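Asks: Handing you a structure now.
Read the figures in this text as sums done on the coordinates, not as results from a lab. On a predicted model such as this, the values are computed, not experimentally measured, just so you know. Positions of Cβ are backbone-derived with ideal geometry, glycine not excepted, and every protein chain shown enters the neighbour counts.
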Amino acid sequence: MDVQYYKEASKHLHREMEFKTYGRSGKVCLAFPSQNGHFYDFENFHMTDTVAKWIEQGRLFLVCPDSIDEETWSDEGGDPRRRIERQEAWLHYIVDELLPRVRELAGAEDTDKAMVTGCSMGAVHAGNFFFRHPDRFDAVIGLSGVYNASYFFHGYSDDLVYANSPASFLSNMPEDHPYMELYRQSKMYFCVGQGAWEDDLLAGTRELDTILCQKGIPAVFDYWGYDVCHDWCWWQKQLPYFMEKVLGA
């Protein structure tokens, strides 16, 4: 497997940001780390191994970016406006800087849509990026995520919190919004276990399930058993299971 490490300046974040890529070509997939995690976690927890066959076939170009969760979602004692402004800056880094860069590395066209995935907080990010930008992404695999920003902001809300809360803006999205058709043309898979440490994630996934059903937006929601806990050993099983549904056997 071809693995490359990069450290490049971001104009939106005013710092250098690190990321790793896996493969040489194929569909670009951004895989976000879990809470307070980093670009190397997906590899260290053997998640890259679970999708190696698609990478080695040249059908998947996996990209693992770094997060800044400690300044944003996790900084629950910090100023909420500053936190969400940093989140929005990170979102623009990913969409406006990293995505064009990795398309170039993968030899993809500017018009080629990417996919997003992640576990736990990584699923929060994946869902947010997908629903914010179905013009850039056409597939999402969210494993054990919540999709409502109120979970992290505890009563505080403003325009940017709303914009980063899919459960909020999807509930109010009108039927004639152009994103509706883009959602319906996309592939969406959301999975959560019903075992230990999954209670909040189960509730968050059910909330999104209800909203998309009410909007007539087709998506697959898969609720695994009561033995399925919030841990890497299960995400290692779930990711290739859903990746096969996106990319084929």
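Asks: Looking only at VAL161, VAL146, VAL228, which one moves most when the chain is put into a Gaussian network model with springs between Cα atoms under 10 Å?
Replies: Answer for the Gaussian network model of the chain: VAL228.
Asks: Right, here's the next one. Could you pull out the longest piece of the chain with no exposed loop GluC sites (Glu not before Pro) in it, calling a site exposed if DSSP puts it outside H, G, I, E, B and it has at most 11 other Cβ atoms within 10 Å?
Replies: Longest site-free region, per DSSP loop and neighbour criteria: 1-75.
Asks: Still on this structure, please answer the following. With springs only between Cα atoms under 10 Å apart, run a GNM on the chain and tell me which of VAL124, VAL51, VAL140 wobbles the most.
Replies: Largest GNM mean-square fluctuation: VAL51.
Asks: Over the chain, what relative contact order in percent results from Cα pairs under 8 Å that are six or more residues apart?
Replies: Computed value for the chain: 17 percent relative contact order.
Asks: Another question, then. Report the Cα centroid-to-centroid distance between segment 207-234 and segment 1-40 in angstrom, as an integer.
Replies: If we compute the Cα centre of each part, the gap is 27 Å.
Asks: Could you point to the residue in GLY58, PHE32, TYR22 farthest towards the positive end of segment 8-69's charge dipole, with +1 and -1 charges on the Cβ of Lys/Arg and Asp/Glu respectively?
Replies: GLY58
Asks: A further question on this structure: Going by C-beta contacts inside 10 Å, put ASP75, ASP66, ASP227 in order with the fewest on the left.
Replies: By the 10 Å Cβ count, ascending, the order reads ASP227, ASP75, ASP66.
Asks: So which chymotrypsin sites (Phe, Trp or Tyr not before Pro) in segment 128-222 are both in a DSSP loop and have at most 13 other Cβ atoms within 10 Å of their Cβ?
Replies: In loop regions of segment 128-222 (DSSP not H, G, I, E or B), the sparsely surrounded chymotrypsin sites (Phe, Trp or Tyr not before Pro) are TRP197.
Asks: Which of these, ARG82, ARG206, ARG24, has the largest mean-square fluctuation under a Gaussian network model of the chain (Cα springs below 10 Å)?
Replies: ARG82
Asks: Mind sorting out which of [x] 12.5; [y] 14.1; [z] 14.8 is the real mean projected area of the Cα convex hull in nm² computed from the coordinates?
Replies: From the options [x] 12.5; [y] 14.1; [z] 14.8, the structure gives [x].
Asks: When VAL28, VAL63 are ordered from fewest to most other Cβ atoms inside 10 Å of their Cβ, what list results?
Replies: VAL28, VAL63
Asks: List TRP224, TRP73, TRP235 from most exposed to least, where exposure is judged by having the fewest other Cβ atoms within 10 Å.
Replies: Ranking TRP224, TRP73, TRP235 by Cβ neighbours within 10 Å, fewest first, gives TRP224, TRP73, TRP235.
Asks: Run through the DSSP bridge list for the chain and note the antiparallel percent, rounded to the nearest 5.
Replies: 35 percent
Asks: Restricting to lysines 8 or more places apart or on different chains, can you count the pairs in segment 3-247 with Cα atoms under 18 Å from each other?
Replies: 13
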